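The values are calculated or read from the model by the stated rules, or taken from the named source; none is laboratory data. Since this is a predicted model, take the numbers as computed values, not measurements. As a convention, Cβ positions derive from the backbone with ideal geometry for all residues, glycine included, and neighbour counts pool all protein chains shown. Heavy atoms of the whole protein, side chains included, go into the accessibility calculation; ligands, DNA and RNA do not. Shrake-Rupley method; radii C 1.70, N 1.55, O 1.52, S 1.80 Å.
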Amino acid sequence: MPEHNIKIVKPVDSVRGQITLPGDKSMSHRALMFAAIAKGISKIKHLNIGADALSTIACLQKLGVNFQLGKFTVDVESPGINGWIQPQDGILNCGNSGTTVRLMSGLIAGRENLDITLIGDKSLSSRPMNRVIEPLRKMGATISAENDRLPMQITGKLLDGIQYVLPVASAQVKSCVLFAGLSAQGKTFVEEKIKSRDHTEKMMKMFRIPVFHNKNIISVHTLRRSIPGFNYSVPGDPSSAAYWVAAGLLLPKSRLLLRKMSMNPTRTAFITLLQASGADIELIAKDKNLEPAGDVVIRSSALRQFDIRSKHVPGLIDELPLLALIATQAKGISTIRGAKELRYKESDRISSTVAMLRSIGAEVEEFDDGMNIHGGMKLQGGEVDAQGDHRIAMTASIAGLISEEPVYIRGWSTVDISYPNFYNILDRLSKK
Ligand code: S3P
């Protein structure tokens with residue numbers, strides 16, 4: 001790898017300042033997809049313009065949806081889901097984005113005029129697709145994928161509604177089945193044992209697509225009417241905010257103000273967990289819509305160890321590598337168990353997190369489903385390989401701010417996946 005793909009993050013004394021967060025990545029994907037389902041013109045503000053959201057745009061463009069991209073806005077003009085056209089080469093490239101491929105597969109499977117091959121980069125091509133193939137086949141979909149990996153070919157056909165109990169807690173799988181349910185005959189029910197992020201269901205409600213809740217069962221039925229275009233502003237991304245929360249808590253004499261972060265309870269479990277461990281984090285709720293948002297104030301704090309178990313994992317899934325780093329600075333030994341899902345992310349996040357922490361001087365024990373992290377450690381700094389994973393690159397960068405010596409991050413540019421502006425903000429907040 002060329003030297004220019006190594007970023008040096010040096011230790012700093014504190015972090016101070018205000019941050020406008022990027023738009024939430026999960027909500028950005030969904031807003032783009034709903035705008036493509038809708039017939040007419042939609043305006044999305046504060047879109048996350050990372051490479052993942054651009055992959056969703058590229059796929060939808062090939063289905064005949066037009067996008068006018070501004071700096072943080074996008075105007076979408078769509079013929080509506082019934083007007084989607086077959087791309088000439090039949091290929092949709094989902095890049096690095098698990099959310100794009102899993103949600104798009106649900107949208108495509110029931111469209112009788114489409115015959116699509118979904119492809120992705122090396123990382124996405126090694127991630128399991130059986131989690132969406134299985135329920136979609138139960139609905140009658142025609143799908144082929146060697147070893148349940150990409151490329152995945154879907155020949156659209158009329159689907160039947162199903163009753164599906166999610167075997168893994170996954171918002172991507174839940175959303176895939178709900179989207180497929182919009183093109184299926186009869187009703188589709190999805191039951192989740194542990195609640196995962198609920199943006200798809202909430203947006204269905206916002207955009208007047210009939211969706212029903214009965215305890216932990218969500219149901220939809222065939223979408224008969226087209227929905228009109230809409231205006232939507234994406235709240236700030238809590239999973240991006242988490243890096244600044246960590247820096248603000250762990251560095252002395254720090255104070256950060258984060259603007260308009262999503263306060264959707266399915267996304268803020270890391271805040272609650274850290275508060276229970278002694279963190280000084282203040283949430284100022286501002287926007288009490290279906291998707292609430294507000295400002296967050298973070299001040300330096302002494303933290304105690306924490307224990308994360310399987311029932312907590314869906315609410316913390318994207319913050320776990322960072323929580324493992326935070327645990328190195330807390331008092332006592334922290335544990336993360338029941339988190340095998342981490343092995344199927346952009347990298348194997350149990351092994352990449354353990355490798356990252358060990359290479360900067362932390363003491364960690366690895367298990368098949370998690371890790372133990374020894375707290376109260378002075379991190380030495382050192383060289384980390386991001387392993388093509390944006391969350392490992394950003395976690396290692398926060399480690400650089402709090403270590404004795406710099407952290408050298410190989411493959412840092414992968415932060416573009418969710419947070420292209422990450423290093424500009426890091427430089428601006430850092431006080432020497
Ligand atoms: C996402 C759901 C999560 C998460 C991913 C985004 C989504 O994946 O890790 O970054 O937007 O639905 P799983 O649902 O597979 O856990």
At what distance in angstrom do the alpha carbon centres of segment 280-324 and segment 112-186 lie from each other? 31
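How much length, in nm to one decimal, is gained on full extension between Gln185 and Asp280, taken as 0.36 nm per residue of separation minus their Cα-Cα distance?
Going from the current span to full extension adds 29.1 nm.
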Listed residue pairs exceeding 27 Å between alpha carbons, taken from Lys62/Lys193; Lys25/Lys311; Lys25/Lys345: Lys62/Lys193
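How big is the dipole moment of the chain about its Cα centre under a simple scheme where the beta carbon of each Lys and Arg is +1, that of each Asp and Glu is -1, and everything else is neutral? Debye, nearest 20, please. Display every interim value, and only then the final one.
Values: 54 positive and 42 negative charges, 257 e Å.
I would put it at about 1240 debye.
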Calculate how steeply helix 390-402 sits against the longest principal axis of the alpha-carbon atoms of the chain, using the helix alpha-carbon long axis, and give the answer as 0 to 90 degrees to the nearest 10. 20
If I model a spin label as a point 7 Å beyond the Cα along the Cα-Cβ vector, how far apart are those points for Val165 and Asn424 in nm? 4.9
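Quantify, in whole percent, the carbon and sulfur part of the accessible surface of segment 373-432 (1.4 Å probe; protein heavy atoms only).
Working: 980 of 2200 Å².
Answer for segment 373-432 is 45 percent, counting heavy atoms of protein chains only.
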Roughly how many percent of the accessible protein surface of segment 164-237 is carbon and sulfur, given a 1.4 Å probe and a whole-percent answer? 53
Setting aside same-chain residues fewer than 8 positions from Lys187, which lysines have a Cα under 27 Å from its Cα? Lys39, Lys138, Lys157, Lys174, Lys195, Lys202, Lys205, Lys215
Keeping every protein chain in place, order Glu405, Glu146 by accessible area at 1.4 Å, biggest value first, i.e. largest first. Glu146, Glu405
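Go ahead and run the numbers for FRET between Glu366 and Glu404, Cβ-Cβ distance against an R0 of 22 Å, rounding to 0.05. Mind showing how you got there, number by number?
Working: r = 24 Å, r/R0 = 1.08.
The computed FRET efficiency comes out at 0.40.
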Nearest 10 degrees is fine. How inclined is helix 238-250 to the longest principal axis of the chain, computing both from alpha carbons? 10
Simple spin-label estimate for Lys288/Gln88, 7 Å along Cα→Cβ, in nm, reads 5.4
Relative to the first principal axis of the alpha-carbon coordinates of the chain, what is the inclination of helix 51-62, with its axis defined by its Cα atoms, in degrees from 0 to 90 and to the nearest 10? 10
About its Cα centre, how strong a charge dipole does segment 25-233 have in debye, to the nearest 20, once Lys and Arg get +1 and Asp and Glu get -1 at the Cβ? 640
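Hey, what's segment 360-432 come to in accessible area per residue, 1.4 Å probe, Å²?
37
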For segment 25-233, what's the relative contact order in percent, using C-alpha pairs closer than 8 Å and at least 6 residues apart? 21
Report the residue, chosen from Gln329, Gln387, Gln275, that carries the largest GNM mean-square fluctuation when the chain is represented by alpha-carbon nodes joined by springs under 10 Å. Gln275
Restricting things to alpha carbons, tell me how big the chain is in terms of Rg and Dmax, in Å. 21.2, 62
What part of the accessible area of segment 1-108, given as a whole %, is carbon or sulfur when the probe is 1.4 angstrom? 52
Straight-distance crosslink candidates among lysines, where the alpha carbon sits under 23 Å from Lys378 and sequence neighbours closer than 8 are dropped: Lys7, Lys10, Lys253, Lys331, Lys431, Lys432
With a ≥ b ≥ c from the Cα gyration tensor eigenvalues, square-rooted, and the rule rounded for a/c under 1.5, otherwise prolate when a/b > b/c and oblate otherwise, segment 332-431 is oblate
Of Leu250, Thr99, Val220, farthest towards positive along the dipole that unit charges on Lys, Arg, Asp, Glu beta carbons give the chain: Val220
With all protein chains in place and a 1.4 Å probe, Ser233 shows an accessible area in Å² (nearest 10) of 70
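Counting heavy atoms of the protein chains only and a 1.4 Å probe, report the per residue accessible area for segment 25-233 as a whole number of Å². Before the final figure, lay out each step's value.
Working: 8340 Å² over 209 residues.
I get 40 Å² per residue for segment 25-233.
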Tell me, how many Å apart are the Cα centres for segment 5-55 and for segment 214-265? 11
Quick calc: nm separation of the 7 Å Cα→Cβ label points for Lys195 and Asp115 -> 4.4
